[in-house]
Amino acid sequence: MSFLDLLTMSASNLWRRKLRTCLTILGVIIGTTSIVVMLSLGFGLKRSYLKQVESSGGLTTVNVYSGNDYYYWGDEDSSSTEKIELTDEVIDEISQMEHVKFVSPILNAELILKQGVYQCYANVKAMSYDALEKMNIPLEYGSIPTSDEEVRFIFGNNIITDFSNTKTNEYYWDTGELPDVDLKGDFFAIYDTDAYFSSMWGDSEGNKVQAPKKYIVSNTSLVSGGVDEYNEYSYNIYANIDAMKKQLKKVFKNKAIPGQPTTKSGKPYSYWVYNEAYVQVDDFNYVTDVQKAISDMGLQAHSNAEYVESTQKQFSTIQMALGGIGSVALIVAAISIANTMMMSIYERTKEIGIIKVLGCSLGNIRSLFLMEAAFIGFIGGFLGLILSYGLSAVLNKVLARYAGDMFGTGSSVGISYIPLWLSGLALIFAIFVGIIAGFLPAIRAMKLSPLSAIKTE
Amino acid sequence: MSEPKSDPVIQVKDLYKFYSIGSNRVKALNGVDFTINRGEFCSIVGTSGSGKSTLLNMLAGLEKPSKGQIVISGHHIERLNENQLVKFRREHVGFIFQSFNLLPTMNAVENVALPLTFRGISKKTRLAKAAKMLDLVGLKKQRFHKPTQMSGGQQQRVGVARALVVQPEIIFADEPTGNLDSNTSAEVMNLMKKIVREQNLTLIMVTHDNHLASFADRIFHIRDGKILKIEDNTNKEVLNDEEI
Ligand SMILES: Nc1ncnc2c1ncn2[C@@H]1O[C@H](COP(=O)(O)OP(=O)(O)OP(=O)(O)O)[C@@H](O)[C@H]1O
Ligand SMILES: [Mg+2]
């Protein structure tokens, strides 16, 4: 028998018993949907988690802190290992490591920004031009500040909420109204914050102090995204490190720059010491390696890698449990397929006998019944997938808010996610289940005696 | 008409078939020997329970003999396994059933074309062949009728067409007119005889009706699983007509 004949014959046999076929298919639809939707919850969970991690610091980022300036994490013994300072030399060394895409020192500068009645205590992260460029910070407008110009900022899209009204002392969070700050306009920057506070409240001895000099900063760039949106750049202010160094030297002249270590006599060093560095690794899989190598140098290194990996593993376990629950429905569907096939074989005993007498080979008879079962699996799996996508969309719509609250992610990432390969796999699996369920009945049909055709009831 | 007696198509030697039901042992066939030549029309007659169907089923490879040999066109069919038996039937044998056994979901042409499907013949060819076969049995008009839309005689003619469409060497028929009235029976018998003669086919038919048996060239009389006598009918055709 040709494949097409087998196909049409088994399809027409299913068509003959429409109602029963539909009911059996319904079982497979429910089974497939329950598995796919359950698994999709797991994938959704993983995906939204990854998105969240990405937005809060990235998956390939390693944050490096100098050994002695930062508090220690867990390992008390680290006091015995030699601690080194984050100097340009050390930064250079890190940049030579394998899989390090780039590294930039971060010079933290605390300053006060003022515009009209509004003021902001800003912690500026000054980084190299290369790093700022390679970080691919999405900019609403403006450009990356270069070394050759005056200090210029990139504002995170949430920075505006850090401005407070000096008259009322109210923040955005108090009023719910965005401060009337023109981000594109000029700001006064006060670098010598100690002097500024002393000028307002008097110094430690209560003497009046002259207010420090203010510098104008203009042409600020802005990270794209609204005030409600969050990404890893949202709450930061970036500047060019070379411009910042030049500026700080100009402001403090021979005095010690705040944050920079001094000799015992209070004199500044001739070189810069950073308390932070930003390292990008070229691939997520090497993050732990790079992290380890940096720690071995006597520095503190942190990344999301370990945490992400262990969380992903946990999610996989949850997902497997969900899939297991979902598969119960499919097992029931498989039994129902087997039952349907068995019944149809009992009904068609005579017919099977006839086609056997007429010379239908045993293999063809088996194929006929396997195909019927596979058909049920295929149709059920296909419709089940359509239903799954529908359900997944509904879940994402209805539960988007809850998911957002639960994982702190935006509504852009759904709680349920069906990867394309999952739908392909589900379809193949449904067909496979049909064939498995149809196997025993098919063997039974094959072994029926042709004599049953001759015996008249 | 003279048969080439030297061309045996079926040879049966020392054939036995036992059924055991509990401690009872039924000898359905109890030592049968005969030879049938190509182009012969043989009928098997006997009382109910004498073993006619058992013999026919074994010749068609539907049942295994307990003992003995059946050689058909050179094949020892008692040695074939089930797969080979199906293949053997597909290639050598046509079968006409007492209860017609047409598939109720298919119309006349599709039923006739069915055995061709199992031979992997394309849809176009097999439907054309089936239609031609239906013309031959005089059912041109009923071509697209379902079995339930046809009389018993018409259904059996579809059955005959289905057996003939694969151009088998041998046709087996177990009481092919058992469900038909005597006039229709005679019609169907004449039709079968005519086609078998024209195409030089071998026809073996089981019946318990002596009149229908007399259409055959040779009549095997069976009782209690044994051949009582083999009646050669070729020379007595005139005589038979007188008897009736
Ligand atoms: N499957 C079976 N199991 C047990 N005994 C059987 C079986 N088939 C047939 N027999 C017995 O074998 C004997 C021959 O049966 P068979 O069907 O060949 O008779 P028959 O000549 O065709 O009769 P009828 O004219 O009524 O059809 C009977 O005694 C019957 O009881
Ligand atoms: Mg019988």
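The values are calculated or read from the model by the stated rules, or taken from the named source; none is laboratory data. Note that the coordinates shown come from a computational prediction; the quantities given were computed from them, not determined experimentally. Cβ sites come from the backbone with ideal geometry, for glycine too, and all protein chains shown count toward neighbours. Accessible surface areas use protein heavy atoms only, side chains included; no ligands, DNA or RNA. Shrake-Rupley method; radii C 1.70, N 1.55, O 1.52, S 1.80 Å.
Where helices (runs of 4 or more DSSP H) fall wholly inside region A:273-376, the ranges with 2 or more residues that are away from chain B (no Cβ under 14 Å) and aromatic (Phe, Trp, Tyr) are A:305-347. Taking the numbered list (1) away from every other protein chain (no Cβ under 14 Å); (2) open to solvent by less than 10 Å² (accessible area, probe 1.4 Å); (3) basic (Lys, Arg) in turn, B:Arg162 passes all entries but (1). Among the residues of region B:39-48, which ones are within 11 Å of ligand 1 (Cβ to nearest atom) and either part of a loop (DSSP other than H, G, I, E, B) or closer than 24 Å to B:Asn83 by Cβ (or both)? B:Thr47, B:Ser48 - these are the residues of region B:39-48 that are within 11 Å of ligand 1 (Cβ to nearest atom) and either part of a loop (DSSP other than H, G, I, E, B) or closer than 24 Å to B:Asn83 by Cβ (or both). Is there a residue in region A:178-189 that is under 22 Å from A:Val279 (Cα atoms), under 35 Å from the mean Cα position of the chain (by Cα) and open to solvent by 70 Å² or more (accessible area, probe 1.4 Å)? The answer is no; no qualifying residue exists. Of all residues in region A:282-306, those that are touching a residue at least 40 places away in the same chain (Cβ under 8 Å) and open to solvent by 50 Å² or more (accessible area, probe 1.4 Å) total 5. Of all the residues in region B:95-105, those that are crowded, with 16+ Cβ neighbours inside 10 Å and more than 8 Å from chain A (Cβ to nearest Cβ) number 3. For region A:117-129, indicate whether the set of residues that are in a loop (DSSP other than H, G, I, E, B) and among the polar types (S, T, N, Q) is non-empty. Scanning region A:117-129 turns up at least one residue that is in a loop (DSSP other than H, G, I, E, B) and among the polar types (S, T, N, Q). Selection of first residues in region A:1-22 that are closer than 14 Å to B:Gly120 by Cβ and within 12 Å of chain B (Cβ to nearest Cβ) and of second residues that are assigned to a helix (DSSP H, G or I) and among the β-branched types (Val, Ile, Thr), restricted to Cβ pairs under 7 Å at least 6 apart or on distinct chains, gives the following pairs, ordered by first then second residue: A:Met1/B:Thr117; A:Asp5/B:Thr117. If you go through region B:4-15 one residue at a time, do you hit one that is outside any loop (DSSP other than H, G, I, E, B), closer than 25 Å to B:Thr177 by Cα and touching a Pro at 6+ places or on another chain (Cβ under 6 Å)? The answer is no, given that none of the residues of region B:4-15 is outside any loop (DSSP other than H, G, I, E, B), closer than 25 Å to B:Thr177 by Cα and touching a Pro at 6+ places or on another chain (Cβ under 6 Å). Looking only at residues of region A:195-217 that are among the hydrophobic types (A, V, I, L, M, F, W, C) and within 19 Å of A:Lys253 (Cβ to Cβ), we find that the one that is least open to solvent (accessible area, probe 1.4 Å) is A:Ala195. Whenever a residue of region B:208-221 is at pLDDT 90 or above, its partners that are open to solvent by 30 Å² or more (accessible area, probe 1.4 Å) and hydroxyl-bearing (Ser, Thr, Tyr), lying with C-beta atoms within less than 8 angstrom and at least six residues away or across chains, give the pairs B:Asp217/B:Thr234; B:Arg218/B:Thr234.
For region B:20-38, a residue qualifies if it is away from ligand 2 (no atom under 14 Å from the Cβ), under 28 Å from A:Cys360 (Cβ atoms) and either outside any strand (DSSP E or B) or within 14 Å of another protein chain (Cβ to nearest Cβ) (or both), and exactly one does: B:Arg38. The combined condition, being within 12 Å of another protein chain (Cβ to nearest Cβ) and open to solvent by less than 60 Å² (accessible area, probe 1.4 Å), is fulfilled by B:Glu175.
Among the residues of region B:76-94, at least one is in a strand (DSSP E or B), away from ligand 2 (no atom under 16 Å from the Cβ) and within 14 Å of another protein chain (Cβ to nearest Cβ). Looking at B:Ala128, B:Ala161, just one residue is more than 22 Å from B:Asn179 (Cβ to Cβ) and not hydroxyl-bearing (Ser, Thr, Tyr), and that residue is B:Ala128. Within region B:49-75, the set of residues being away from ligand 1 (no atom under 15 Å from the Cβ) and not in a strand (DSSP E or B) comprises B:Gly61, B:Ser73, B:Gly74. In a residue-by-residue description of region B:140-147, the property of being away from ligand 1 (no atom under 16 Å from the Cβ), under 21 Å from A:Asn13 (Cα atoms) and open to solvent by less than 40 Å² (accessible area, probe 1.4 Å) applies to at least one position.
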